[in-house]
Amino acid sequence: MGIIVNEQTAVFHLMGKHTSYLMDVHCGMLRHLYYGPRVYGEAAQMLVRDVRAGYMAELPEEDACPGASPDTLPQEYSGHENGDFRVSCVIPESADGDAVCRWRYDGFELLKEYPRPEGLPYVRADQTLAIRLREEKHGLTVTLYYAMLESCDVLLRHAVLSNNGQRPLELKAALSFCIDLPQSGWDVLSLHGRHAFERQIDRHPLSESTEIIASARGISSHQVNPVCALAEHGANETAGHVLGCTLVYSGNFALYLQPDSFGQLRLAGGIHPDTFGWTLRPGERFTTPQAVLTYSDKGLGGMSRSFADAYRARLISGADRCRPVVLNSWEAAYFDFDEARLLDMIDSAAGTGIDTFVLDDGWFGCRDRDDSSLGDWTPDPRKLPRGLAPLVRRCEEKGLQFGIWIEPEMISENSCLYRQHPDWAVRAPHHAPMRSRRQLILDLSRPEVIAYLKGVFDTLLADGGVRYVKWDMNRNIIENASLRWPKGEFAHRFMLGVYELAEYVVTSYPNVLIEGCCGGGGRFDAGMLYYFPQIWTSDNTDAEERTRIQYATSLFYPLGAMTAHVSVCPNHATHRTVSFESRAAVTWLCVTGYELDLCQLGEAERQQIPTQVEQYRRLEQTMLTGNCYRIADPFTGNMFCVQVVSRDCRYAYALVYQRLASQGLKIERLKLQGLREEAIYHVRYDGEEFEAHGASLMRVGVQCHWLREDFAARLMELNQISSADDTI
Ligand code: DGJ
């Protein structure tokens, strides 16, 4: 297993436990041969044939490849104006308007370790293949990095472009990867939505037209997530071929799905070219974000578990570490609090099992609404005349940790920071900047702004009182301009600034846990997860709508990456009422927490909290490290069920949720997954207890209880009581 290079046939084979990724050098070009279930190497080279048809560009004669054309040759990193009319991975233009890019293979290298894409988050790997392509006339080189995480069949890729020529080049596109696949009956699955309604599933058969899954909002966005899956028609949670793709990037991105007229499909992606341009001077290089691919013949479930395993082992720091159970002040008080009210909240959390109090928006500058003070990160003297110290102290006395909200990437016009540095707000040269949520963007592409923000974090965190930070970002970026950089470079440089700042904070303050947030889940992506182990999934805390948001998010991300809070009912977003028990249970498929005023909560509910937290703590390790199986789909049915199985298969839990009670409910059996067939499990479900073999639980299934309650969640727990060997 690993990487095999056959220098004679010029075939490159990256092998996972169950998958193969094959390329070769053909007609002087790097050709994609195959991606899918494991095959035995070289044969693919013989099986993939050149295709020529009318009107096609011919390769130069010296290549002695009369049958081949760039128009149909399956590529690994496409050029431009080279006879391949599909999406270009790179568009390099010299000052005199030459944007031709004809890549030629230029050699390879095997590396011991996957090199970090400069300044960018990444999934780490060991053995790495680096393949060089050269565009001779421009003096441009691209190095393509490939690694396969064998145990989870995850393939990593990114590209580094280097100008080794004499002339500056304008990069008008610089994607991370492309791959040309046979177009055999794929559906495309992506996640779309909007604020407080993120990551809904869209799945439809690919047509003959190009599809672009993209964001140009300056963030990966609520609207579209930087992921997609190609799923064989009919592929489901347990069966069928699925190719999953995600970008480790949090800014403007594009994923292209481009069928050609010969039955091939180009999947390409990276930074969105619409808001991108980069001057690459002689001697300089440009590094693209990493793309993460996986191939599963075990359906969508297999794909999800591969992504989850890769991210937990190689992307997210401390993915398996127990997380704080927080009480967050936002839905409890919004901007309306003073020191006394916060101290009461802290007191009310003591003894409940909640271990961290997080002070959300409204604590700084002079902030009663969302129209002021962003940038002035010192306590509001009217609300907190003694600063944060009394809150930190009270938390310590009560055995809690103290956490705080911050939105470092923003600036309010009504702030001291803006009065001092109006030019630090992002704006185009001839237009006033557009507001959104009554705030402007701070230009994090500028080093002096990053230096200022590092100082802000130092002031907040250096004395060790703050142990948890919620890092928010509450608007899209509208103008792509910086006074500091040429047009086109801003959007990516802004992201590099965000990453530099995040890296500084997590490395300088390793004991502080950071929760990512972007008006809920507007930047829920693998890029942010490199720095922050958990992200606020959505501003929508309604358990009913959360079932779908969480279900869809789990397709591409581990459960432990999501935070979910129990809030009050009627819910502030949807006005729906769901029982306190069910609200809590739905959060147990994520990192749980509370976001309500405990002082105003009814006694009966308050008393449930210690038991709820205790219950969650029993599930937590399994949720953080176990295998996730989606059993019932809330997008298509009345039930929602997600099951998590511990790595050793000895313990499992499932969250079973019924949307609507009805006299017309149908018999529904939950066919569990991931258990040991021969082992006997003791099952506890909604007051019932019984024993059954894993095989029966998985094949016969557990019949759902019909509940006379809408939006009702029940926990099912399974403990193995005999080892598989005892029962043979
Ligand atoms: C958006 C976040 O998602 C909320 O949880 C809250 O922190 C607000 N911002 C505060 O402005």
note = The computed P(r) of segment 403-463 puts the percent of Cα pairs beyond 17 Å at 42 percent
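Explain nothing, just the number: relative contact order of the chain, from Cα pairs under 8 Å at least 6 residues apart, as a whole percent. Walk me through the numbers before you get to the answer.
Numbers: 1857 pairs, mean separation 72.3, N = 728.
That works out to 10 percent.
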ask   = Just how far, in whole angstrom, is segment 148-194 from segment 505-534 if you go by their alpha carbon centroids?
value = 24 Å
task = Please report how far the C-alpha centroid of segment 59-97 lies from that of segment 17-50, rounded to the nearest whole angstrom.
result = 19 Å
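For segment 423-573, how big is Rg over Rh, using alpha carbon atoms and the Kirkwood form of Rh?
Numbers: Rg = 17.0 Å, Rh = 17.0 Å.
Looking at segment 423-573, the ratio lands at 1.00.
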C-alpha center-to-center spacing [segment 228-246, segment 304-361] in angstrom = 34 Å
ask   = Computed over the Cα atoms of segment 288-343, what is the ratio Rg over Rh, Rh following Kirkwood?
value = 1.28
ask   = Dipole of the chain (Lys/Arg Cβ +1, Asp/Glu Cβ -1, origin at the Cα centre): which of Leu129, Ser646, Thr143 lies farthest to the positive side?
value = Ser646
ask   = Given H placed on each backbone N at 1.01 Å, which residues far from Gln75 in sequence or on other chains put an amide H within less than 5 Å of it?
value = His32, Asp180
Exposure proxy order (Cβ contacts within 10 Å, fewest to most) of Thr587, Thr625, Thr72 = Thr625, Thr72, Thr587
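Taking the Cβ of each residue in Asp297, Asp96, Asp153 as the centre, tally the other Cβ atoms inside 10 Å and list the residues starting with the fewest. If you can, show how the numbers build up before the last one.
Values: Asp297 17, Asp96 6, Asp153 27.
Least to most surrounded, the residues fall as Asp96, Asp297, Asp153.
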ask   = Which percentage, to the nearest 5, of the DSSP beta bridges contained in the chain is antiparallel?
value = 85 percent
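With the radius of gyration and the Kirkwood radius both derived from the Cα set of segment 82-224, what is their ratio Rg to Rh? Before the final figure, lay out the partial values.
Details: Rg = 18.0 Å, Rh = 18.0 Å.
We get a ratio of 1.00 for segment 82-224.
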inquiry  = Pairwise over distinct Cα atoms, reciprocal of the mean inverse distance: report the Kirkwood radius of segment 673-728 in Å, one decimal place.
reply    = 12.1 Å
request  = Would you compute, from DSSP H runs of 4+ residues alone, the mean residue ellipticity of the chain at 222 nm, taking -39500 (n - 2.57) per run and dividing by the full residue count, rounded to the nearest 500?
outcome  = -5500 deg cm²/dmol
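According to the Cα gyration tensor, what semi-axes, each the square root of 5 times an eigenvalue, does the equivalent ellipsoid of segment 227-325 have, listed from largest to smallest in whole Å?
Taking √(5λ) for each eigenvalue gives 28, 24, 10 Å, largest first.
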query = For segment 329-478, what relative contact order do you get, as a whole percent, if you take Cα pairs closer than 8 Å and at least 6 residues apart?
reply = 25 percent
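Taking a temperature of 4 °C and a viscosity of 1.567 mPa s, what whole-number D in µm²/s does Stokes-Einstein yield for segment 1-120 with Rh from Kirkwood over alpha carbon pairs? Write down the numbers at each step before the final one.
Working: Rh = 16.0 Å.
Roughly 81 µm²/s, to the nearest whole number.
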ask   = Among Phe640, Phe197, Phe556, which comes first, second and so on when ranked by fewest other beta-carbon atoms within 10 Å?
value = Phe197, Phe640, Phe556
query = In bins 10 Å wide, starting from 0, what share of all Cα pairs of segment 561-604 does each bin hold, as a percent?
reply = 27, 58, 15, 0
Rh (Kirkwood; distinct C-alpha pairs) - segment 563-693, Å = 16.4 Å
note = For the chain, the helices passing both cut-offs (Cα extent along own axis of 20 Å or more, Kyte-Doolittle mean at least -1.0, full DSSP H runs) are 299-314, 447-461, 490-508
ask   = Semi-axes, largest first, in whole Å: what does sqrt of 5 times each Cα gyration tensor eigenvalue give for segment 489-601?
value = 29, 15, 13
inquiry  = I'd like to know which of Gly664, Phe580, Trp103 lies farthest towards the positive end of the charge dipole of the chain, counting +1 on Cβ of Lys and Arg and -1 on Cβ of Asp and Glu.
reply    = Phe580
key: Bins of 10 Å from zero: percent of alpha-carbon pairs in segment 43-83   = 27, 56, 16, 0
message = Return the equivalent ellipsoid semi-axes of segment 510-576 as a descending list in whole Å, where each equals the square root of 5 times an eigenvalue of the C-alpha gyration tensor.
response = 22, 13, 9
ask   = Based only on the alpha carbon positions, what is the Kirkwood hydrodynamic radius of segment 430-478, in angstrom?
value = 13.1 Å
task = Enumerate lysine pairs in the chain that are 8 or more residues apart or on different chains, then count those whose Cα atoms are under 17 Å apart.
result = 4
ask   = D for segment 159-282, whole µm²/s, Stokes-Einstein with Kirkwood Rh over alpha-carbon pairs at 37 °C and 0.692 mPa s: what number?
value = 208 µm²/s
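From the convex hull of the Cα coordinates of segment 384-436, what is the mean projected area in square nanometres?
Working: hull surface 21.6 nm².
That works out to 5.4 nm².
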key: Shape box of the chain [Cα atoms, principal axes, largest first, Å]   = 84, 74, 44
message = Using the Cα centre of segment 162-302 as origin and beta-carbon charges of +1 (Lys, Arg) and -1 (Asp, Glu), tell me which of Asn164, Leu189, His222 is placed farthest towards the positive end of the dipole.
response = Asn164
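Dipole magnitude of segment 255-397 about its Cα centre, charges +1 at Lys/Arg Cβ and -1 at Asp/Glu Cβ only, in debye to the nearest 20? Each step should come with its number before you reach the end.
Numbers: 17 positive and 22 negative charges, 152 e Å.
Using Cβ point charges on Lys, Arg, Asp and Glu, segment 255-397 gives about 740 debye.
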Hz values of 3J(HN,Hα) by residue in segment 329-338 - Karplus curve (6.51, -1.76, 1.60), Gly and Pro given as x = 7, 4, 5, 6, 9, 6, 8, 9, 7, 9
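Calculate the dipole size of the chain relative to its Cα centre from +1 charges on Lys and Arg beta carbons and -1 charges on Asp and Glu beta carbons; express the result in debye to the nearest 20.
Working: 72 positive and 95 negative charges, 77 e Å.
The calculation lands at about 360 debye.
Coordinate-derived values only; no laboratory data. These figures come from a predicted structure and were not determined experimentally. Virtual Cβ from ideal backbone geometry, glycine too; neighbours counted across all protein chains shown.
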